[in-house]
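The values are calculated or read from the model by the stated rules, or taken from the named source; none is laboratory data. Being a predicted model, the structure only gives us computed values, none of them experimental. All Cβ positions, even for glycine, are placed from backbone atoms using ideal geometry, and neighbour counts span all protein chains on display. When the accessible area is computed, the model is the full protein with side chains, heavy atoms only, and any ligands, DNA or RNA have been set aside. Shrake-Rupley method; radii C 1.70, N 1.55, O 1.52, S 1.80 Å.
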Amino acid sequence: MLPGRATAKRKGIRAKDVKDLLPLMLLMVIIFLLLLFWENELNEEVVAMTIEHLHVDYPQSDVPVRYCNHMILERVIKEPNNTCKKEHVFIHERPRNINSVCNSRRKVACQNHSTTLCFQSENKFKMTVCKLTEGTRYPACSYHISPIEGFIVVTCDGMGPVKIQRYVE
């Protein structure tokens, strides 16, 4: 026998073993990338549901005509069943001022006979109320614009306002 080819088994990874692992490694990378992109899409949906995204327009966008139609399309504001919202409010105030409503001494009853307490702003905010005039299925919705000043009523959690319940002129 030759001394270099002893009968003892050699340890280590053979090239054939690595070659067999390549498809599995490629599949793992693809799954990782899919999960990464899927997570980002979920985060975008969460961001779209915040009060700031849905209701805050500060400073007010410079849209010369059809402000409501433009903003509602731009921010994809619709009912869960893809119908047009009957009414939507944009608040033209700094987000920190809207967040401070949760510290208001004006506690009021929320809508729908809920036991949850809501908070009403102590100061009036400039707002734009968009009322549906035409259309039923999103995005074929047309709105009438009404600039107002009024109080907002919100529900809050430990982080700040969660939902705008209504406005009071």
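Miscellaneous remarks
- Selection status of residue 96, part of a helix (DSSP H, G or I), modelled with pLDDT of 90 or more and loosely packed, with under 14 Cβ neighbours inside 10 Å: yes
- Residues located in the range 55-93, provided they are open to solvent by 10 Å² or more (accessible area, probe 1.4 Å) and within 17 Å of residue 155 (Cβ to Cβ): 55, 56, 89
- Enumeration of residues in the range 128-152 that are among the aromatic types (Phe, Trp, Tyr) and either touching a helix residue (DSSP H, G or I) at 6+ places or on another chain (Cβ under 8 Å) or within 16 Å of residue 76 (Cα to Cα) (or both): 138, 143
- Residues (more than 19 Å from residue 115 (Cα to Cα), part of a loop (DSSP other than H, G, I, E, B) and out of contact with any Phe, Trp or Tyr (no Cβ under 9 Å at 6 or more places or on another chain)) located in the range 136-169: 136, 138, 139, 140, 141, 159
- Pair list, Cβ under 7 Å, 6 or more apart: the range 68-87 residue part of a strand (DSSP E or B), other residue open to solvent by 80 Å² or more (accessible area, probe 1.4 Å): 83/136; 83/137; 87/131
- Selection of the range 53-77 for residues being touching a helix residue (DSSP H, G or I) at 6+ places or on another chain (Cβ under 8 Å) and among the basic types (Lys, Arg) yields only 75.
- Single residue of the range 105-128 satisfying the filter (modelled with pLDDT of 95 or more and part of a strand (DSSP E or B)) that is surrounded by the most Cβ atoms within 10 Å (Cβ to Cβ): 127
- Residues in the range 129-161 that are open to solvent by less than 30 Å² (accessible area, probe 1.4 Å) and among the β-branched types (Val, Ile, Thr): 129, 148, 152, 153, 154, 155.
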